[in-house]
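The values are calculated or read from the model by the stated rules, or taken from the named source; none is laboratory data. None of these values were measured; they are calculated from a predicted model. Here Cβ is always computed from backbone atoms with ideal geometry, including for glycine, and neighbour counts include all displayed protein chains. With ligands, DNA and RNA removed, areas are computed over all heavy atoms of the protein, side chains included. Shrake-Rupley method; radii C 1.70, N 1.55, O 1.52, S 1.80 Å.
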Amino acid sequence: EAITDSLKFLLTPKFHGYHIYLHNFSKFDSAFILNSLLQLGKLEPVLRDGKIIFLDFHFTVDSQPFKLVFNDSLLILPSSLRKLCDSFN
C-alpha cells in the first residue's frame, strides 16, 4: 500500500516526462513496484539481455495522457552506489 501511495504522488501532470532512476531496478526495485504500476497505467519496458533498462509508464489524468520513465541506473552506470558517490565527489 505504501508503494502504491508513493507512486500515486507522481501521477500528476507536474511530473510528466520525468525520469526516475532506481539503482538495480531490473533485479530488485522492479519486484516491488511493477504490480502497482500495472494497476495504475500502461507499461512499455525496454529490455537488454532480459533486464529492464528503462520502463515507459503511461497514465492519464482527466483523460489527458502523461508519461514517466523509470531507469535502471546500475545498467547505465555499472558500479555500486558508494563508488558512484566517490567518482562524482
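Go through the stretch 54-89 and give me each residue that's under 11 Å from THR12 (Cα atoms) and not hydrophobic (A, V, I, L, M, F, W, C).
Result: THR60, ASP62, GLN64, PRO65, LYS67.
Given LEU47, LEU68, which one is on the phi < 0 side of the Ramachandran plot and without any contact (Cβ under 8 Å) to a residue 40 or more places away in the chain?
On inspection, the qualifying residue turns out to be LEU47.
Starting from residues that are among the charged types (D, E, K, R) and open to solvent by 40 Å² or more (accessible area, probe 1.4 Å), keep the ones in the stretch 21-55 and report whichever is nearest to PHE70 (Cα to Cα).
Across the stretch 21-55, the extreme among qualifying residues is GLU44.
Return the total of residues in the stretch 1-20 being outside any helix (DSSP H, G or I), open to solvent by 70 Å² or more (accessible area, probe 1.4 Å) and either closer than 19 Å to HIS58 by Cβ or of a type in the set (Val, Ile, Thr) (or both).
Total satisfying the criteria: 3.
Counting only residues that are outside any helix (DSSP H, G or I) and not charged (D, E, K, R), how many does the stretch 33-89 have?
Total meeting the criteria: 29.
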